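The structure under discussion appears below in the form of structure tokens.
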Amino acid sequence: MEDRFKFCPKCGTQVANDVAFCPKCGTNLTGEGMPDTTSQQDAPVPAKPEKSPNAALLITLGWISAVISLLFVPILFGAAGAFCGYRLTRFPGNRTAGVVLMVFAILFGVVGVIMGAIVGSTLYGS
């Protein structure tokens with residue numbers, strides 16, 4: 001009995017024999033010289049995206065900047081937190097965390113500006 005599946009030589013995704021391109025990575029599966037990957041023993045193991053140590057650093061610095069923006073120089077620290085969130089979205093598996101960090105950093109920056117205006121008008125207002 002012939003196998004109905006083959007494996008992508010680039011990412012290891014199991015695909016039907018009649019598929020021309022890998023649905024995951026887009027590799028052409030009909031090219032000549034393609035290794036025989038009809039056996040699961042020979043199939044490459046798909047690599048899991050590793051968490052970069054930079055991602056943890058960006059998360060930490062972003063949240064610290066966002067919280068500091070509530071009290072000191074909210075525009076600067078809010079923007080720094082949002083930038084860390086933006087950079088975090090570029091790491092595999094951290095898109096949601098990056099978007100959440102961006103939203104909260106901007107929100108904390110705006111709240112910091114409003115709190116500064118209230119405190120400033122109370123202390124220095126007429």
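Pairing residues of segment 71-99 that are in contact (Cβ under 8 Å) with a residue 40 or more places away in the chain with residues that are loosely packed, with under 15 Cβ neighbours inside 10 Å and not in a helix (DSSP H, G or I), at Cβ distances under 6 Å and at least 6 apart in sequence or on separate chains, gives P92/P49; G93/P49. Within the set A47, A16, A20, A66, the sole residue that is under 21 Å from T89 (Cβ atoms) and at pLDDT 80 or above turns out to be A66.
The values are calculated or read from the model by the stated rules, or taken from the named source; none is laboratory data. Since the model is a prediction, treat every value here as computed from it, not as a measurement. Positions of Cβ are generated from backbone atoms using ideal geometry, with glycine treated the same way; all protein chains shown enter the neighbour counts.
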